[in-house]
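Below: the structure, in structure tokens.
Read-outs throughout are calculated quantities, based only on the coordinates presented, and are distinct from any laboratory measurement. Given the structure is predicted, the values throughout are model-derived calculations rather than measurements. Note: ideal-geometry Cβ built from the backbone for every residue, glycine included; neighbour counts use all protein chains shown.
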Amino acid sequence: MTDRPDALVVGERPLTADDVHAVAVAGAPVGLSAAVTERLTVEREVVDAAVRQQLPIYGVNTGLGARSHLPLDAAELRTMSLRTVRGRACATGDPLPTEVVRAAMLARLAGFARGGSGVRTEVAAAVLALLTHRVHPVVPSTGSLGSSDLVQMAHVALVLVGEGRAEVDGRVLDGADALQSAGLQALLLEPKEGLALCTGSPLAAGVAALAVHELVAAQRVGAAVIVTTFEAWRAATGVLDDRVLALRPQPGQAEAASLLRGALEGSRLLAVDTPRRLQDPVSIRAAPSVLGSLVAATETLRQVTVDELNGSGDNPVVLDGAVVPTGNFHTPYLAVCLDAAALAVAQSASCSVARLARLLEPTLSGLPLNLSRHTAHASGMAPLLKVAQAVVVRLRHAAAPMSLDPRTGAAGVEDDATNAALSAERLRQVLRWHHRVLAIEALAAVQGIDLLAEPVRLGDGVERLRRAVRAVSAPLDEDRSMSADIEAVDQVLADL
């Protein structure tokens, strides 16, 4: 619990993607509403009553998966939760980043708040305590197929019972030592609680929320870089006119055009008497449509992510005084929306490379060959095109749909999977590559502006970006290594 007025109180209102970012990345404090603790108490009584009555409940007094038809005897009831956690904590690979672990724990806490988990208030309080005291379970990166994040969330549950490993203040400790360092006690799990800690799709939902936050930033950065290329190219701006776009409205297109116009505000390029070509390349002319697809994909993903964060993915679930089986842990639409967002990012990155290539071609751009004032001996910015293309090759392959690649397990009982968590993780990597491509385009566009035959009045947003780029990267005259420049401009864009 926390009394701080700026704390996020889970259960008071629906959780948003920005809430997840605030807690996972910015370290905002978290609390749990009194209404949630009351609901948990009532639901736990339902589970306890069902156990006393020896009603068959999946994963509580029966086995799991292919063993769900096998009943447990009374002596096994209490140990089943701990066995569930230990048996599923077998993920592999490098540890997930801290912000991902925090996002997943917050999403699982929100799932408890939504209702139906049947856990005691002590379990929710224990997850909350890990967030509050910054005890971060070490969770290997590979293990979820998207039909519940069982394997990876089990590593979180291990720490709650005093096992596994956790990072505290930069040190990786055994679970018991990590809890002790924060003044916390290990949980003794009751029936159903081990399964409830592992079930649902909190990893997929948490990472998707982080990706949504990053997608919004990608729109803003993308718009700033695109119009910087507009300035270097002296592009026609009629393509940003709402009247033109209204002739064939598309989701996200108007919002994208508004972002582009905002970054161009104050530019001489917007004047009707500015000389311009009859027809610009598609990568420039269709910028509102391409950026618009990213805007639309982001908004769709935002909504489905919010629904997932604020839903109950438990199986079985406590409902109206009974414990019933569900398929609510399954996330096909979330997975499809994550795939769509990755494809929209790939499309945006491909257009960025196309614009970069056009800037290098003097017969099209009117700028010096390869954006260099030297003609015979200088490579200029031509090598940057190779780098950008290499990044986009990686990006495009990574953006291939993952929701179409299901796996089966549990003797055919678990016969579908969505790969949602993996798809969300992939989306964040794709966004990092997209950001790098935009940094390369920004370098070229600013160089192009510097090489214009006559000084021009730039848009306010473009001028800010140009100055920020030039603060870390000098104009390219004689050929030099541009690796450090790419890294520095990448950071400049991150700070926009």
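Starting from the Cα of TYR333, step 7 Å toward the Cβ, then list every residue of the range 96-134 with an amide N under 11 Å from that point.
No residue passes the distance filter.
Find the centroid of the Cα atoms in the range 98-155 and in the range 31-73, then give the distance between the two in whole Å.
Using only Cα atoms to place each centre, the spacing works out to 18 Å.
Mind listing the Cα extents of the range 208-494 along all three principal axes, in Å, largest one first?
Computed over the Cα atoms, the extents are 76, 42, 30 Å.
Counting only helical runs of four or more DSSP H residues, what would the 222 nm mean residue ellipticity of the chain come to if each run contributes -39,500 (n - 2.57) and the total is spread over all its residues? Mind dumping the intermediate values first?
Working: 19 runs with 276 residues, N = 496.
Helix contribution divided over all residues of the chain: -18000 deg cm²/dmol.
Of SER81, SER372, how do they rank once you tally other Cβ atoms within 10 Å and put the fewest first? Please report the intermediate quantities before stating the final value.
On the way: SER81 27, SER372 21.
Lowest to highest Cβ neighbour count: SER372, SER81.
If you add up the charges near LEU128, with Lys and Arg at +1 and Asp and Glu at -1, over every other residue whose beta carbon is less than 11 angstrom from its beta carbon, what do you get?
0
Using +1 at the Cβ of each Lys and Arg and -1 at the Cβ of each Asp and Glu in the chain, identify which of ALA400, LEU371, VAL60 lies farthest towards the dipole's positive end.
LEU371
What is the gain in length, in nm to one decimal, between ALA26 and ARG67 on full extension, counting 0.36 nm per residue of separation less the C-alpha to C-alpha distance?
Extra length from ALA26 to ARG67 when fully extended: 10.5 nm.
Mind sorting PHE112, PHE329 by how few other Cβ atoms lie within 10 Å of their own Cβ, fewest first? Kindly include the intermediate steps, with their values, before the conclusion.
Working: PHE112 31, PHE329 20.
In increasing order of surrounding Cβ atoms, one gets PHE329, PHE112.
Which value does Rg/Rh take for the chain over its C-alpha atoms, Rh per Kirkwood?
A ratio of 1.07.
First measure r as the distance between the Cβ atoms of ALA75 and SER33, then evaluate 1/(1 + (r/R0)^6) with R0 = 35 Å and state the FRET efficiency to the nearest 0.05.
Numbers: r = 37 Å, r/R0 = 1.06.
Calculated value: 0.40.
With Cβ to Cβ distances under 14 Å as the rule, what net charge do the other residues near ALA35 carry (K, R +1; D, E -1)?
On the way: positive: ARG13, ARG39, ARG114; negative: GLU12, GLU38, GLU43.
For residues surrounding ALA35, the net value is 0.
Taking the 0 to 90 degree range and rounding to the nearest ten, how far is the long axis of helix 420-450 tilted relative to the main principal axis of the chain, both from C-alpha atoms?
20 degrees
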